[in-house]
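Quick note: the coordinates plus some simple rules give every number you see, no bench work behind them. Keep in mind that this is a model prediction, so the values were computed, not measured. We place every Cβ from the backbone using ideal geometry, glycine too, and count neighbours over all the protein chains shown.
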Amino acid sequence: MVAVGLGGSGAEAAPGGIVERVRATVHGRGGEAIGQLALITVLYLGYRVGRMVTADDTVRAFGNAHRMLGLEDRLWLPDETALQSVFVRHDSFAVPANFYYATAHFTVAVAVLLWLWMFRPEHYRWTRNLMAALTAAALVVHVLVPLAPPRMLPDHGFVDLAAVHGQSVYGSAESGGLSNQFAAMPSLHVGWALLLAVAVVAATRTRWRWLALAHPTLTTLIVVGTGNHYWLDVYVAIGLLAVAALLHPKLVPTSATAWGIMGPVAAKPLMTS
């Protein structure tokens, strides 16, 4: 889990300082908060509706899945079943992994975005922009390349661990509902996790900030180990995020300074939007 309370001055880190900062933020920027919530809600609903375009494209989704495995084999990528076998053999890994997959994606995103909005609004803005860009790009790929996840390919040795342990958030492929299970490419779980970790590292100055990178690392192992994504889903998500970052007009200088490439970083005080 990403630790979102890292960094800042000693006054800010104190419970009283945090409470006062939250009160000042909410009091002075309540209207902005409502606007941001509405924007994120509209973007999310648009994404969910867009995903449904290929929700029934079973033939293409499974055809692409078999071609994906063939491509990974030609690229000498590791076999996903080798990693998944660890989770299959050990319920003590599989059960918490399924829970993490089902819950951490949104809870960490909400926590980090809320913290950035309150305490590091300058970092919140580019994080929000990159998240929207990455999600929009992922939606395009979902529509163009419907892809059945590995857990739907038992003939290749994959296991749907969430279904085995009764923790599935999807149900069966034939159950319908507002979920497109053929949207494995790319992995937004990994893309979001990496973006949020980078945002925490860039927005803080404590030596412990690097622990935030544990979130995308753990997420990668879990999405592949539970049979929800292929390795290429992960690489494509990272590639799309990198392209979005390069195209962002003001991101590169800010991030380079924050990561120590262009000089020491100093966490800025609360700024008005």
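Between residue 207 and residue 102, what is the FRET efficiency for a Förster distance of 35 Å, r being their Cβ-Cβ separation, to the nearest 0.05? After rounding to 0.05, the efficiency reads 0.65. Relative to the current alpha-carbon distance between residue 235 and residue 56, full extension at 0.36 nm per residue lengthens the span by 61.9 nm. Measuring nothing but how far apart in sequence close Cα pairs (under 8 Å, 6+ apart) lie, relative to its length, the range 131-248 scores a relative contact order of 36 percent. Label positions at residue 217 and residue 66, each projected 7 Å from the Cα along the C-beta direction, are separated by 3.8 nm. With the simple model of a label 7 Å out from the Cα in the direction of the Cβ, residue 122 to residue 140 spans 3.1 nm. For the pair residue 243 and residue 77, label points projected 7 Å from Cα toward Cβ lie 1.6 nm apart.
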